[in-house]
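Undergrad: Before anything else, here's the structure in question.
The values are calculated or read from the model by the stated rules, or taken from the named source; none is laboratory data. Computed from a prediction, not measured in an experiment: that's the story for all the values here. Here the Cβ positions follow ideal geometry from the backbone for every residue, glycine too, while neighbour counts run over all protein chains shown. We work out accessible area using only protein heavy atoms, side chains counted, and drop any ligands, DNA or RNA first. Shrake-Rupley method; radii C 1.70, N 1.55, O 1.52, S 1.80 Å.
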Amino acid sequence: MAVTVDVPEEAPVESRDVGGRTSLRVVGLIVSLVLLAAVIVASLAFGAKFIPFGESWRLWWHNDGSSNAAIIHDLRLPRTLVGLMVGAALGLSGALMQALTLNPLAEPGLLGVNLGASTGVVLAIAFLGVTTISGYVWFAFLGAALTSVIVFLLGNTGRSATPDRQILAGIAITTVMGSGIYAILVLRPDVFNKFRFWEVGSLGDVSTEAGWKVAPFVLGGILLALSLGPALNALAMGEETGRALGAHVMRTRLLGMLAVTLLCGGATAAVGPIYFVGLAVPHVTRMFTGPDQRWILIYSMVLAPVLLLTADIIGRVVAAPSELQVGIVTAFLGAPMFIVLARRRRLAQL
C-alpha cells in the first residue's frame, strides 16, 4: 500500500527565508571587509602630505628607504594598525554592553570603564609623576579594571541583581570618580596641563609601544566576546527562557563584563577615551543584521574601525597641516547620526 506524507508548506518557505537572510549577511560582511580595506589604504595615503594610493600600497609592502616610505612605516602604518585595533575593541565592547543590559542605547561608558581609565591616568600624573603616553597605559588599564570589578560587585549584590542595577552602580561610581578627577585638576594645574592631551582621544600621539602593550588584552577580549554570541542570543529572550535553553546567566554576565573591561579598557589605555563609536556602530549594525548577536558582534568588529579610521582621516584633512583629534571628530560625526537614528519611529530591537 502506498504511503503518502503531507509536507507542511510553511517549512520550505521558512527555510528559504533563513537561508536567504544568511546569504545577505555574508554578502554584507564581504562588502564591509572591502570597505575596511579601502579605509586602511586611505589612512596610509592621507595626511599632511598626500601619497597616492598606489604608491602607499606599494610602500607598505616594499620599504625602499625613501622619505615617503619613512612616513608610511614610521607614522601612518602604526597609527592605522592601532586605530584598527581600537575601533574593533570599541565596537565589540559596545555590542556586548547593549546585549548584556538589553538596552540598545547602552555603551561601555555607562559602567564607568572610560572614567576609571581616566582616574588611573590622573592619579599616576598627580602622585607618581608619570608623564608619557606609554607610561599611562598600565595605570589607565588598571583603573578601568578596578572600576569594572567594583561596578560588577555593587550591581550583582543581593537577590534582585539585574542589568538595571549594574547600570545604576556604574553611573554612581562614574559620578564619584568624575568629582574626584575635577577636584585634582582644579587644585593641580600642572596635572591638568598634562592630562588634557590624553583626555581627548587621539591616534596622532599613539606609540607603537603602547599598542603592543595592550594588544594581548584586546585580542583576549575579542576571542572571549565572540565566544559569548550563542549565550547572548539565549539571554536576549529573557533570563528564565535563557536558563531553560541552557544559558548560565551569571556566568555570561561575568564573562561579558570581563570582555568589556579587556576591550574598552585596553582601547582607552592606548589612545584615551573615545565616545560614540561603541554606542552608534552596534546600533546601526543591528538594523540590517537583525537580533542575532553572533552577527552583531562580527559586524560591529568590522564596521567600528571603518568609522574610527574615517574620522581620523577627516581630522587630518580638514585641519592640515595640523589635525583634529579623532575623539573630537567622532563626537561631531556620531552625535548627529545617533540623533537621526533616535528620531526614527522605533529603535532597532535587541
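Undergrad: For segment 88-171, just list the percent of Cα-Cα distances falling in each 10 Å bin from zero outward, please.
TA: 18, 43, 27, 11, 1
Undergrad: How much of the accessible area of the chain, probe 1.4 Å, is carbon plus sulfur, in whole percent? Write down the numbers at each step before the final one.
TA: Working: 11550 of 16810 Å².
Carbon plus sulfur share of accessible area: 69 percent.
Undergrad: Further, regarding this structure: Quick one: which of 189-197, 298-306 comes out on top by average Cβ neighbours within 10 Å, and what's the full order, highest first?
TA: Details: 189-197: 14.2, 298-306: 24.6.
Order by mean packing, descending: 298-306, 189-197.
Undergrad: Take the Cα of ALA320, step 7 Å along the line toward its Cβ, and report every residue of segment 61-90 whose backbone nitrogen sits under 16 Å from that point.
TA: From segment 61-90, the list is 68, 71-72, 76.
Undergrad: While we're on this one: Using a 1.4 Å probe and counting only protein heavy atoms, arrange THR252, THR208, THR174 so the residue with the most accessible area comes first.
TA: Accessible-area ranking of THR252, THR208, THR174, largest first: THR208, THR174, THR252.
Undergrad: Need one number: nm distance between label points at THR208 and TRP61, each 7 Å from Cα along Cα→Cβ, rounded to one decimal.
TA: Taking the two extended label points, one gets 2.1 nm.
Undergrad: Stretched out fully, how many nm does the piece from THR22 to ALA244 gain, at 0.36 nm a residue minus the Cα gap? Walk me through the numbers on the way to the answer.
TA: Working: separation 222, 0.36 × 222 = 79.92 nm, distance 2.61 nm.
Computed gain between THR22 and ALA244 is 77.3 nm.
Undergrad: Still on this model: Which value in nm describes the separation of the simple spin-label points at ALA183 and LEU153, placed 7 Å from the Cα toward the beta carbon?
TA: It works out to 2.0 nm between the two label points.
Undergrad: Then there is this: Give me the extension gain from THR131 to VAL340: residue separation times 0.36 nm, minus the current Cα-Cα distance, reported in nm with one decimal. Could the numbers behind the result be given before it?
TA: Values: separation 209, 0.36 × 209 = 75.24 nm, distance 4.02 nm.
So the chain would gain 71.2 nm between THR131 and VAL340.
Undergrad: What order do you get for 63-72, 129-138 when each peptide is scored by the mean count of other beta carbon atoms within 10 Å, highest first? Let's see the in-between values first.
TA: Details: 63-72: 13.2, 129-138: 17.2.
The packing order, highest mean first, is 129-138, 63-72.
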